[in-house]
Amino acid sequence: MPNRKNHYADMDRFRETRNAQKNRYYGKTAIYAARRWTAEEEQKVLEHSIPDTELSSKIGRSVRSIQIRRSRLNKTRGNAMEYN
């Protein structure tokens, strides 16, 4: 049975339990280990010259993480252009 917020009197305990369960789950299901993005990886993501599925196997990142990173890079790049 999943955690239910209303069963916990202490919200800090609820958050700790929820985070521990989330970490256990993602620790089992993660395809690639978490690591920092390199400048070379970011450049390949922004180029978008090959499909994300191919890029995923080349750089060892999930397709979803590539999509999220591209979106975040484009947002920060867009904000930087507005100020120039």
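Quick notes on this structure:
- Any hit, the stretch 26-45, residues being in a helix (DSSP H, G or I) and over 19 Å from I68 (Cβ atoms): yes
- Contacts under 9 angstrom Cβ, first residue in the stretch 15-39 being more than 21 Å from G60 (Cα to Cα), partner at pLDDT below 90 and exposed (fewer than 10 other Cβ atoms within 10 Å of the Cβ), 6 or more apart: R18/K5; Q21/P2
- Of the numbered criteria (1) more than 30 Å from L73 (Cβ to Cβ); (2) out of contact with any helix residue (DSSP H, G or I) (no Cβ under 9 Å at 6 or more places or on another chain), the one R35 fails is (1).
- For the stretch 1-8, the criterion of a residue being without any contact (Cβ under 8 Å) to a residue 40 or more places away in the chain, charged (D, E, K, R) and outside any helix (DSSP H, G or I) is satisfied by at least one position.
- Qualifying residues in the stretch 32-52 (those that are exposed (fewer than 10 other Cβ atoms within 10 Å of the Cβ) and among the hydrophobic types (A, V, I, L, M, F, W, C)) - the one modelled with the highest pLDDT: A39
- With respect to the conditions (1) out of contact with any helix residue (DSSP H, G or I) (no Cβ under 9 Å at 6 or more places or on another chain); (2) of a type outside the set (V, I, T); (3) within 29 Å of S71 (Cα to Cα), E16 falls short on a single one, namely (3).
- A single entry from V63, V45 fulfils the requirement of being more than 13 Å from the chain's Cα centre (by Cα), more than 28 Å from R4 (Cβ to Cβ) and without any contact (Cβ under 8 Å) to a residue 60 or more places away in the chain: V45.
The values are calculated or read from the model by the stated rules, or taken from the named source; none is laboratory data. What you see is a predicted model, and the numbers here were worked out from it, not measured in a lab. Ideal geometry is used to build each Cβ from the backbone, glycine not excepted, and the neighbour counts take in all protein chains shown.
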